[in-house]
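Take a look at the structure set out below.
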Amino acid sequence: MEPLFFLYQRMANDIDEKTANSVPYAQTCIWEWYTSLLSDPKLSLNLLPSLDLYLLTTMKIVVQTKNRVIFKSFIAATIDKFWFHNFDLYSKTKNSASLIMKIQEELPGTIFPKEFEDLKELASHIKDEEEKIRIQETIHEKIRYNHISFTVTVLGAYCLFKTEYKFIEYILKYNQPDNSTTQYINKDIVPTNINVLLKLYKNYPSFIPIFFNIWEGHSDGQLWFKKYISLLVCNLVRTNHSGTNYRKNPDANKQDLEYDHICINDIKSILTDDYNESDIINAIGLTQENRVDAIKFLENISEQITESINKEKKQQKLDKEKVKAFEESIRADIQDRSIWLNILQETLPNESTNKSYSLRIGDKQVIEKSFLAENDNGLYFGFSRGFSEIILNQINYYVESRIRVSFQLNPDKEPIEKNNFKEKIMDLDETWIVLFINYPSIFDWVYNFPDLRSIYTKCKQHPIK
């Protein structure tokens, strides 16, 4: 099939606006195969990613050649050609109502095969056979439609990259032009649901293979995709659509909510930093007021998610195995990294009960318990090391302070300084251990005195064991 798509790409490059205007078939021939295939109920959903890519690599040529006639005909077809049924799911029986409601919540924005299989699995539990078939067909149709919406979204992001802002305005306002006195209630191909937009934004890494094949050179397609999604949030607020209600997934754990929170704040940052006083907003048919309203809208969602996260934290229970492993990690880290403990254990007799060598150390902090909680899948790095570092510092301070005191109480012990360090330490044999207490000065000495640098190198070659 690939040679055929190469032909469509050649046609996209050869057909100019004048030809497209005068020959109706020239307006549709390079993309009509896509809409025809997707209208076939028997089409395997496994083919959709490849078909999406073939369409986008063809339509990008239309953008490059600035062919407004073909571009507009494609956008119009995605909205005006009703080759799909109504996507509203309803239940005839009470037994299937909860299942169908869950399917209805998950279906918007679903484009991945795994998600499709999960929805089919849900539908398979519907007992009424006729209703089951109807719901499965609706799922199949909706996912095909979602792919069309996805291709238009990626195409809009590519238009943003190519600075074809009038093309984006056409995408956003074809279904409901500003100067229209008619209110169109049909389905807009532009996503108008914050949960769908958030899902697309969160899953952008999955689309990188498509970006790689569409964006030229080393241009970062995922960056432009995220910027375009941010603009679609402005469009969502502008249209005052019913899809402005953030829906928390009932199966979401704390990590899922935290990722939602990160993505919402990322979108808000893009609108705040990249489009502040930007002409792009006006060029695509939006206003700065839409941008400001979108930022406030996202801030409200961010607060909602924060409340949900805090609620999840309060309900978490400690995992006994994690707590035990955490304690063991701290003890092992202190034992392995404390030079003083190792030296003292080697030099002091085991039966020694001298109080001079006993000390009480510890730390008390109030921190979130999530990293020790049951069913928490977050990646937490360095927690045990952070606690052990505090203990190690206390040990070092105690031991070194005792050494300093012993020198201060013995006037016969002359301190080692820059003017006498050579005669004090240069002639010591390997039965001695030299302890440097004033660490910053040691680095200066090593740097400024070649003799001391040679000893430092020798010590590194023959470390104390």
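The values are calculated or read from the model by the stated rules, or taken from the named source; none is laboratory data. What you see is a predicted model, and the numbers here were worked out from it, not measured in a lab. Note that each Cβ is placed from the backbone with ideal geometry, even for glycine, and that neighbours are counted across all protein chains shown. Remember, those area values only see protein heavy atoms, side chains included, never the ligands or the DNA or RNA. Shrake-Rupley method; radii C 1.70, N 1.55, O 1.52, S 1.80 Å.
Okay, here's what the table says:
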item	result
Options Tyr165, Tyr145: the member that is over 21 Å from Lys81 (Cβ atoms), within 28 Å of the chain's Cα centre (by Cα) and open to solvent by 10 Å² or more (accessible area, probe 1.4 Å)	Tyr165
Test result for Ile210, open to solvent by less than 20 Å² (accessible area, probe 1.4 Å) and closer than 28 Å to Val62 by Cα	no
Residue among Ser44, Ser36 that alone is touching a Phe, Trp or Tyr at 6+ places or on another chain (Cβ under 9 Å), open to solvent by 30 Å² or more (accessible area, probe 1.4 Å) and not charged (D, E, K, R)	Ser36
Leading residue by the ranking (surrounded by the fewest Cβ atoms within 10 Å (Cβ to Cβ)) among those in the range 173-195 that are in contact with a strand residue (DSSP E or B) (Cβ under 9 Å, 6 or more places away or on another chain) and not in a helix (DSSP H, G or I)	Asn193
Leu51 in a helix (DSSP H, G or I), under 31 Å from the mean Cα position of the chain (by Cα) and either modelled with pLDDT under 80 or farther than 30 Å from Ala123 by Cα (or both)	no
Members of the range 2-16 found to be at pLDDT below 90, open to solvent by less than 60 Å² (accessible area, probe 1.4 Å) and farther than 30 Å from Lys114 by Cα, listed by number	Tyr8, Gln9, Met11, Ala12
Residues located in the range 237-261, provided they are open to solvent by 50 Å² or more (accessible area, probe 1.4 Å) and either within 22 Å of Gly156 (Cα to Cα) or of a type in the set (Gly, Ala, Ser) (or both)	Arg238, Thr239, Asn240, His241, Ser242
Boolean, Ile111 is touching a Phe, Trp or Tyr at 6+ places or on another chain (Cβ under 7 Å), modelled with pLDDT of 80 or more and assigned to a loop (DSSP other than H, G, I, E, B)	yes
Selection from the range 314-345 of residues that are in contact with a strand residue (DSSP E or B) (Cβ under 7 Å, 6 or more places away or on another chain) and either open to solvent by 70 Å² or more (accessible area, probe 1.4 Å) or assigned to a helix (DSSP H, G or I) (or both)	Lys317, Leu318
Any hit, the range 216-230, residues being within 18 Å of Thr110 (Cα to Cα), touching a residue at least 40 places away in the same chain (Cβ under 8 Å), of a type in the set (A, V, I, L, M) and open to solvent by less than 10 Å² (accessible area, probe 1.4 Å)	yes
Flag for Tyr170 being open to solvent by less than 40 Å² (accessible area, probe 1.4 Å), on the phi < 0 side of the Ramachandran plot and either hydrophobic (A, V, I, L, M, F, W, C) or touching a Phe, Trp or Tyr at 6+ places or on another chain (Cβ under 9 Å) (or both)	no
Output for the range 160-172, where each listed residue is farther than 14 Å from Phe74 by Cα and assigned to a helix (DSSP H, G or I)	Leu160, Phe161, Tyr165, Lys166, Glu169
Subset of the range 278-289 (residues that are in a helix (DSSP H, G or I) and either open to solvent by less than 20 Å² (accessible area, probe 1.4 Å) or of a type in the set (Phe, Trp, Tyr) (or both))	Ile281
Residue in the range 262-277 that is more than 15 Å from Tyr201 (Cβ to Cβ), open to solvent by less than 50 Å² (accessible area, probe 1.4 Å) and assigned to a helix (DSSP H, G or I) present	no
Counted residues, the range 130-142 - those being more than 19 Å from Ser36 (Cβ to Cβ) and surrounded by 16 or more Cβ atoms within 10 Å (Cβ to Cβ)	7
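A quick yes/no check of all residues on (1) farther than 27 Å from Ile262 by Cα; (2) open to solvent by less than 50 Å² (accessible area, probe 1.4 Å); (3) of a type in the set (Lys, Arg); (4) out of contact with any strand residue (DSSP E or B) (no Cβ under 8 Å at 6 or more places or on another chain):
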| site | (1), (2), (3), (4) |
| --- | --- |
| Ile100 | yes, yes, no, yes |
| Glu105 | no, no, no, yes |
| Asp118 | no, no, no, yes |
| Glu121 | yes, no, no, yes |
| Asp128 | yes, no, no, yes |
| Leu160 | no, yes, no, yes |
| Leu197 | no, yes, no, yes |
